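The values are calculated or read from the model by the stated rules, or taken from the named source; none is laboratory data. Everything numeric here is computed off the predicted structure, so don't read it as measured data. Note: ideal-geometry Cβ built from the backbone for every residue, glycine included; neighbour counts use all protein chains shown.
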Amino acid sequence: MTASADLASRFAAALADAQGEITDASSWPDVWELATSLTSTTPVVSPDAFEQLRRGDRPDPADPLRSIADREVGITQARLAIAETGSVLLIEPSDIDRAVSLLTRHLVVAVDRANLVADLAEGFTWLAAQPQAAAYATFVTGPSRTADIERSLTIGVQGPSRLSVAILQDSAS
Amino acid sequence: MSASVRPFTERYKRAVRDPDLKPRLLDFQRSWRLSRDAQIKRLEQRTERSFDDLRQDFAATKDHVRASWNDYITEFRSNAEAAGATVVELNSAADAVEYITSVCQARGIDLIVKSKSMVSEEIDLNDALQRSGINAVETDLGEWLLQLADERPSHLVMPAIHQKRQYVAQILGGELDTQFDPDDIPAMVASARDGLRKHYLQSGAGLTGANALIAETGSIMVVTNEGNMRLATSLPDLHFVTAGIEKIVPTWSDAHDQLQLLPRSATAQTISTYTTCITGPQPGKEMHIILLDNGRRDMHADDAITDALRCIRCGACANVCPPYQVVGGHAFGHIYTGAIGLVNTAFHHSIDDAAGPQGLCVSCGACETVCPVAIPLQRQILHVRRRAFNAGHAPRWERLALKLWANPTVMRTAMGIAALLSSAARGLGLVQRAHLRLPLPSRLRWRSIPVIPLRSGQTLIASRQPQPPLASSPAAGQTVDLFVQCLADRLLPQAVDATARLVEAGGANVQVPAGQHCCGLPAFDAGDWDTSRAMAQQTIEALEQHTRPIVTPATSCVIAMQDHWPQLFADDPAWLSRAQSVSDRIYDLATWLDGPGRLPNHSLQSTSQLWTAHRFCQMSNRDAPEARIDQLVARLTDSVPAELAEADVCCGFGGLTSLAAPEVGAGILERKLDCVNATDCDILLTNNPGCAIHLNAGAHARGDAHETMHYAEFLANLLPSDGA
Ligand code: SF4
Ligand code: SF4
């Protein structure tokens, strides 16, 4: 319990270093409430997250990316969270899975507390053992950024400009 | 190779004419250094391993792969193919370009969106595709800005670091037909996002590089901050990967080890925003992985160079490189920039392309201290420089100067004449603080011309009473040979005399073996190994007359004897062993005074003058005891040095660099002297004669208040019985 609380606080600190935000949401209903409070339109939801939420707009399978380009708020689910770096691991084999995390302005990522691990090494060990997951796996750490113009850090250049992470309590799943 | 890479001399001139480049890169290097050091320290604490252990481990992994290279390539290929990718191994840039072109043409693709790929720069892909009517759009913001300006990256990870925001506003404004406020960078970035978005939506293929190719599953790992790579691999139906065959690592665990070192060394981040691993295409799409040789197997075949294939393209070697700070990556490099560019250009492009910037490297070794895969860059650069010299790339004046320098009689006569002229100038009132007051051309005005004293160091020693012993060191009663060094002998005779007195103060006797001149360092530095070898042989002959310890005030020559001589005589066992019997006995004065000729703590007079020390960069960058003159002086004189910022950064002497590229010598010197001035010291001490002369001449030209001295002279002036 203490070890897990320690992981959570290290995760939150590392995420903040990367300009990401930790949220209070600790269940799927919380996540939905948070997402809807951020936008006047309906949040878009990745197929994974939709399994849990059963609401929100989904990318159109016929043209997933174009169908949701530049929607305000998206919700997706991460397989792991890494305390060392504040990263979340997204497993997105197809472009339908990827659409939400690629193209929304504000991405809300939910991850089960049980899947919070200490460091990147654990993340890589997990991936090495999951051939399907490695089809398209991304450690996402904070919002998209660039420092290409005079080294001035600018957030949100191509991917989401805000990234919020919700750690779901074990009972939620 | 490409129309957009201009000749070196033109690139160099442009760089030194840009007034903003130097201060901007200085600012960058300093802030990178702070954040990178903090990151590495945290990594060391977390892993409980030293940076050196971590990098040696990963370097060993990379070396292991090359030892069974074909097996790992086969493993990667079969696993990637099993996952549905097409894998091709291609030999040359032309082959790679042709492959990508034909795949596009067969599918009617006329627009490719590109994520950052140095290999695609290496093969000059964009221009080549353009000629076949295929448009390639860079989507990394920095790369896109370069493309719009028809420029090349000037840094491996911050490709547009040379561009000013005013310039960015102009080129971006032109492309997007918008008026930008140069100070509103977020607005420019937001518009760029929208400007790039339409290209993704229209493109038929995306192209990325790969930071690692993971053999055990045939996966690629790509690290980015913007997220453009994820877009470029998701919107189009075809994904090209261009990667050098050296990018292979055996396992996921190895990829992790690389990731531990890469972002920390590159952008001083714990991790980049996106680390994406892809295994095969998604069903219904295509993935083509191009494994490129283009000189890599030739690099591997060369024992002196193969380690360069460990490179993970982090750019750290440029971030600490003093000449890079002065001229940037367009001059300091070719397509690949920084230290690694001075090496691999000879293989991926040509020795002609690699030759230009060779003379800009001052051999300070700073790059090696931060390279996360421990590549012996300094030595490799000298190796490539030798090839360039042999291919006829040294300027005629340089060849002539080396020839003259190699001849002791010519040098003695020339120096004698110079000394007479100096003395005449003194008579005419043209000398001030030991430098000539002469109008110099503006390119050279940053340093004054030192006068040559009439009496050389050897003459001084021969014509004086020995120093009475001050303490009984372990070497008391022994006789010690002095290697005076060519420069010190004529330009710093007092330091030579001081060296003798400090050795005598420990109770030893000093002899100066006849026939000594130059260890061969300047010629070695210039890539002229034949001349260097001849000079080394002459020095060896002079110094092998006895088998006594040899002490020298010239720190650089210690490196020449210990490092260069074994390379010069690698194929000549007889001379190799003669060289070694000399280099085994050589002591830098500092290690002598701490070792066999040890003088006790506080055995010299104290001083009220505030001093600071510039430690010879080559020694301090390898953390050698020879570098620790600050500790030595503090110990002997019971005083504390003023703390010098960037103490280990080169002073800009760099042997021939300050002659061949005076702007570089001047720029580095300015950085150094600014740090010295900030200490408010009375005296700047240093250990290498060339650096002492350079620092003194520069400070004189600037009118800096402090005095510059070889530390031997400073110490000898504080010997208790000094009555002179
Ligand atoms: S040795 Fe010094 S000057 Fe040469 S490339 Fe390395 S850092 Fe730059
Ligand atoms: S040579 Fe070393 S420091 Fe330079 S880019 Fe390669 S890995 Fe980085």
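Here is a yes/no grid of residues against (1) at pLDDT 95 or above; (2) within 14 Å of chain A (Cβ to nearest Cβ); (3) in contact with a Ser or Thr (Cβ under 7 Å, 6 or more places away or on another chain); (4) closer than 30 Å to B:Ile668 by Cα:
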| site | (1), (2), (3), (4) |
| --- | --- |
| B:Gln29 | yes, yes, no, yes |
| B:Gln45 | yes, yes, no, no |
| B:Asp63 | yes, no, no, no |
| B:Ala67 | yes, no, no, no |
| B:Arg77 | yes, no, no, no |
| B:Ala85 | yes, yes, no, no |
| B:Leu111 | yes, no, yes, no |
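Counted as qualifying within the stretch B:161-278 are the helices (runs of 4 or more DSSP H) with 1 or more residues that are within 16 Å of ligand 1 (Cβ to nearest atom), namely B:252-266. Of all residues in the stretch A:65-93, those being assigned to a strand (DSSP E or B) and without any contact (Cβ under 8 Å) to a residue 40 or more places away in the chain number 3. Residues that are small (Gly, Ala, Ser), surrounded by fewer than 24 Cβ atoms within 10 Å (Cβ to Cβ) and within 16 Å of B:Pro322 (Cβ to Cβ) do not occur anywhere in the stretch B:623-633.
Among the residues of the stretch B:480-507, those identified as small (Gly, Ala, Ser) and crowded, with 24+ Cβ neighbours inside 10 Å are B:Ala488, B:Ala495, B:Ala498, B:Ala500, B:Ala505, B:Gly506. Scanning the stretch B:166-202 for residues that are among the polar types (S, T, N, Q) and either outside the structural domain of B:Asn225 (by TED's automatic domain parsing) or touching a residue at least 40 places away in the same chain (Cβ under 8 Å) (or both) turns up just one, B:Gln202.
Out of everything in the stretch B:303-360 that is more than 16 Å from ligand 2 (Cβ to nearest atom) and either touching a Cys at 6+ places or on another chain (Cβ under 8 Å) or outside any helix (DSSP H, G or I) (or both), what residue ends up being nearest to the other protein chains (Cβ to nearest Cβ)? For the stretch B:303-360, the residue satisfying everything is B:His349. The set of residues from the stretch B:153-179 being surrounded by fewer than 21 Cβ atoms within 10 Å (Cβ to Cβ), more than 8 Å from chain A (Cβ to nearest Cβ) and not β-branched (Val, Ile, Thr) comprises B:Gln166, B:Tyr167, B:Gln170, B:Gly173, B:Gly174, B:Glu175, B:Leu176, B:Asp177, B:Gln179. For the stretch A:101-117, the condition of being outside any loop (DSSP other than H, G, I, E, B) and closer than 27 Å to B:Ala80 by Cα holds for at least one residue.
Within the span defined as the stretch A:83-93, one or more residues are within 11 Å of chain B (Cβ to nearest Cβ) and farther than 24 Å from A:Ser4 by Cα. Counting only residues that are within 15 Å of ligand 1 (Cβ to nearest atom), in contact with a Lys or Arg (Cβ under 9 Å, 6 or more places away or on another chain) and not hydrophobic (A, V, I, L, M, F, W, C), the stretch B:283-319 holds 2 of them.
Residue check: is B:Asn211 under 30 Å from A:Glu150 (Cα atoms), at the interface with chain A (Cβ under 8 Å from one of its Cβ atoms), in contact (Cβ under 8 Å) with a residue 24 or more places away in the chain and crowded, with 24+ Cβ neighbours inside 10 Å? No: the conditions fail for B:Asn211. With B:Val431, B:Val370, B:Val410 as the choices, which residue is within 16 Å of ligand 1 (Cβ to nearest atom) and not assigned by TED's automatic domain parsing to the domain that holds B:Gly690? The match here is B:Val370.
Within the stretch B:87-121, can you find the residues that are among the β-branched types (Val, Ile, Thr), under 25 Å from B:Ile248 (Cβ atoms) and touching a residue at least 40 places away in the same chain (Cβ under 8 Å)? Passing the criteria: B:Val87, B:Val88, B:Ile100, B:Val103, B:Ile112, B:Val119. Only a single criterion out of (1) outside any helix (DSSP H, G or I); (2) within 19 Å of B:Ala406 (Cα to Cα) is not satisfied by B:Arg533, namely (1).
Counting only helices (runs of 4 or more DSSP H) wholly contained in the stretch B:15-126, the ones carrying 3 or more residues that are of a type in the set (Ser, Thr, Tyr) and surrounded by fewer than 17 Cβ atoms within 10 Å (Cβ to Cβ) occupy B:21-47.
For the stretch B:127-143, name all the residues that are within 14 Å of another protein chain (Cβ to nearest Cβ), acidic (Asp, Glu) and not in a loop (DSSP other than H, G, I, E, B). B:Glu138, B:Glu143 - these are the residues of the stretch B:127-143 that are within 14 Å of another protein chain (Cβ to nearest Cβ), acidic (Asp, Glu) and not in a loop (DSSP other than H, G, I, E, B).
Being within 29 Å of B:Gln516 (Cβ to Cβ), within 16 Å of ligand 1 (Cβ to nearest atom) and among the aliphatic types (A, V, I, L, M) narrows it down to one of B:Ala574, B:Ala613, B:Ala624, so name that one. So the residue among B:Ala574, B:Ala613, B:Ala624 that is within 29 Å of B:Gln516 (Cβ to Cβ), within 16 Å of ligand 1 (Cβ to nearest atom) and among the aliphatic types (A, V, I, L, M) is B:Ala624.
For A:Ile96, indicate whether it is more than 9 Å from chain B (Cβ to nearest Cβ), in a helix (DSSP H, G or I), touching a Pro at 6+ places or on another chain (Cβ under 7 Å) and farther than 27 Å from B:Thr47 by Cβ. Yes, satisfied. Being in contact (Cβ under 8 Å) with a residue 12 or more places away in the chain and either within 15 Å of ligand 1 (Cβ to nearest atom) or surrounded by fewer than 13 Cβ atoms within 10 Å (Cβ to Cβ) (or both), is that true of even one residue in the stretch B:419-426? Within the stretch B:419-426, one or more residues are in contact (Cβ under 8 Å) with a residue 12 or more places away in the chain and either within 15 Å of ligand 1 (Cβ to nearest atom) or surrounded by fewer than 13 Cβ atoms within 10 Å (Cβ to Cβ) (or both).
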